[in-house]
Structures are given as C-alpha cells and as structure tokens.
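S.K.: The structure is given below, and queries will be raised subsequently.
Where a number appears in this text, it was derived from the coordinates with a stated rule and is not lab data. Since the structure is predicted, the reported quantities are computational estimates derived from the model, not experimental observations. Heads up, the Cβs are rebuilt from the backbone with ideal geometry, glycines too, and the neighbour counts pull from every protein chain shown.
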Amino acid sequence: MKVALVTGAGSGIGLAVARGLGADGFSLALAGRRLEKLEEAAKLIGSDCMPVSVDISDFASVKALFSRIQQRWGRLDLLFNNAGTGVPGSVLLEDVPAADWQAVVGTNLSGAFFCIQCAFQIMKAQKPMGGRIINNGSISAHVPRPNSAPYTSTKHAMTGLTKSAALDGRKYNIAVGQIDIGNAASAMTETMATGMPQANGTIAPEPVIDVAIVAGAVRHMASLPLEANVQFMTVMATKMPFIGRG
C-alpha cells in the first residue's frame, strides 16, 4: 500500500495530480479548503480517498490532517505540497494590504513548512523508514510577474525550504524535490489566453500546457525509488515568456 497526501487537491494542478496518483495505485488524502470540491474529486478518482477540509496556514489544522492520515493508513509515502494563493495582479506592491500579504505567506510558505514538518514526523518513524516530498515551486520561484511580490517572495522561499528539507531529510531516507510549473491550463490561468501583463507594461496572450502534462511530471518524480531524486524540475509551455526577453 502506498499513501499520498495532495494539498490543494480540489481543482487544477492538485486535482490532476491526485487523479494520476490514484491511477498509479496510491491511497489518497485530499486536502483543501472546500470539502464539497474534495468530495467531488474523490468520486472522480474512484480509489481509496479521504477528503479533508484544512486551513493549511494553521498548524493545529495541519496537525489534525496528518493525525487522520496516521489513523487511517498508518503511514505516508508521498506529500505533494501544492496549495497556494496570491493577490490580484491589479494590486500594486505599495497597495497590498498587510492582511493579504500575511495570508499569502501563511498558505504558501508556512503551510508548506507545517506539512513538511508533520510528514517528516511520520516518515522517519514508519517501517520502512522514509518517503518523498514534492513541492510546487512555480516559475515564480525564478522570476516575478508584474505586481506579484507576495506570491513571488513565497515561491523563492519555497526553493530554500526545498533545499533545507532535502538536506535534513537525508538521514531519514526522505527525498525532497521541487517542480516549477509555468502556464498550466486551469481556472486560475484562463486569462493567459486573452492577455497577461508583461514586464514592459504591455498586455499579451501567453501559451499554456495541459495540466495532464504536469501531472505526468509529478507522477514520474513520485515513481522513482527513494535512492533517486529529481531535485528540481521546470515544466512550462515552450513559448511562454520566461527565458530571455519573451
């Protein structure tokens, strides 16, 4: 039996990855804010799933999630740290409310850390010892979009968290890697087809890729034996404005 936890599993990349992992034989804990979306996802996946509503930014809520995983399956083999949020791209850096900044940091960075911390506690104690953690870093772990300081800051921090967790996980046989995704088609990226703000102040459409491609990349990372690790992977639309000047 293999057990995986996917955060932000109710839609988009999280749902696509959860469906792929279910097809690969994983039992799944599906975590997110909206229980009804998670229950719909569980029906769609059709395998051994446990939907759990969680506030990823609250340690007590995260701790309760991992306790339920421990009680149901007694182990955890894979964590896909995917939950994330941002502020609207129309809000200027100098106008971002403090509460919005803290909400993004709480979800994207603190939430990821809380999940890694709890995963370590289970993975180092189980038999056989070890497991795998895959963090969703985003292209924003490398370069920002205009008006994206909160999101970009947390995704740059995610890279540091991935490196630290990879180092600290070695003694427990825990492999930690990161996937940086660019322009995967989902409800969050619908505006990319009509136009996105560019660094030179223009608005231009950007190409996207199917989320199934991203799910395939995560499934490959998850399929490796624990003695091998994809430390960092970038999966993006070939012609998105990332390399060079766009």
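S.K.: Between the helical axis of 149-169 and the dominant principal axis of the chain, each derived from Cα atoms, what acute angle in degrees is found, rounded to the nearest 10?
M.R.: Tilt relative to the chain: about 30 degrees.
S.K.: What is the sum of charges, Lys and Arg at +1 and Asp and Glu at -1, for the other residues whose Cβ falls under 10 Å from the Cβ of P51?
M.R.: Result for the neighbourhood of P51: 0.
S.K.: While we're here: Packing-wise, with mean Cβ within 10 Å as the measure, how do 145-154, 166-175 rank, highest first?
M.R.: For the peptides 145-154, 166-175, the packing ranking is 145-154, 166-175.
S.K.: Now for a different question. Under a Cβ-only charge scheme (Lys and Arg +1, Asp and Glu -1), can you give me the dipole magnitude of the range 2-236 about the Cα centre, in debye to the nearest 20?
M.R.: Numbers: 19 positive and 17 negative charges, 188 e Å.
The calculated dipole for the range 2-236 is roughly 900 debye.
S.K.: Also: Among the DSSP beta bridges whose two residues both lie in the range 100-239, what percent are antiparallel, rounded to the nearest 5?
M.R.: Percent antiparallel among DSSP bridges in the range 100-239 is about 15.
S.K.: Rounded to the nearest 5, what is the percent of antiparallel bridges among the DSSP beta bridges in the chain?
M.R.: In the chain, approximately 5 percent of DSSP beta bridges are antiparallel ones.
S.K.: On a 0 to 90° scale, report how tilted helix 111-123 is relative to the longest principal axis of the chain, with both axes built from alpha carbons and the result rounded to the nearest 10.
M.R.: Orientation of helix 111-123: about 20 degrees from the principal axis.
S.K.: Shape call for the range 134-241 from the C-alpha gyration tensor, a ≥ b ≥ c root eigenvalues: rounded (a/c under 1.5), prolate (a/b greater than b/c) or oblate?
M.R.: Oblate.
S.K.: Quickly estimate the mean residue ellipticity at 222 nm for the chain, helices only: each DSSP H run with n ≥ 4 gives -39500 (n - 2.57), and the total goes over all residues, rounded to 500. Walk me through the intermediate numbers first.
M.R.: Numbers: 7 runs with 93 residues, N = 246.
Roughly -12000 deg cm²/dmol at 222 nm, from the helical runs in the chain.
S.K.: OK, next. So, in Å, what gap is there between the alpha-carbon centers of the range 101-152 and the range 33-79?
M.R.: A separation of 16 Å, based on Cα centres.
S.K.: Would you please give the FRET efficiency between R72 and T234, computed as 1/(1 + (r/R0)^6) with r the Cβ-Cβ distance and R0 = 45 Å, to the nearest 0.05?
M.R.: 0.85
S.K.: Moving to a separate point now. Name the residue farthest towards the positive end of the dipole of the chain from the options F66, M123, G12, assuming +1 on Cβ of Lys and Arg, -1 on Cβ of Asp and Glu, about the Cα centre.
M.R.: Checking the options against the dipole of the chain, the answer is M123.
S.K.: Of M1, M233, A41, which is farthest along the charge dipole of the chain in the positive direction, counting Lys and Arg as +1 and Asp and Glu as -1 at C-beta?
M.R.: The Cα lying farthest towards the positive end belongs to M1.
S.K.: Here is a further query. How high is the relative contact order of the chain, in percent, with contacts defined as C-alpha pairs under 8 Å that are six or more residues apart?
M.R.: Values: 479 pairs, mean separation 43.8, N = 246.
Result for the chain is 18 percent.
S.K.: Quote to one decimal, in nm, the extra length available between Q198 and W101 on full extension: 0.36 nm per residue of separation minus the C-alpha distance between them.
M.R.: Value of the extension gain: 32.7 nm.
S.K.: Classify the range 95-159 from the C-alpha gyration tensor, please: rounded if a/c falls under 1.5, else prolate or oblate depending on whether a/b exceeds b/c.
M.R.: It comes out oblate by the Cα gyration axes.
S.K.: Expressed as an acute angle from 0 to 90° and rounded to the nearest 10, what is the orientation of the C-alpha long axis of helix 35-45 relative to the principal long axis of the chain?
M.R.: So the inclination is approximately 70 degrees.
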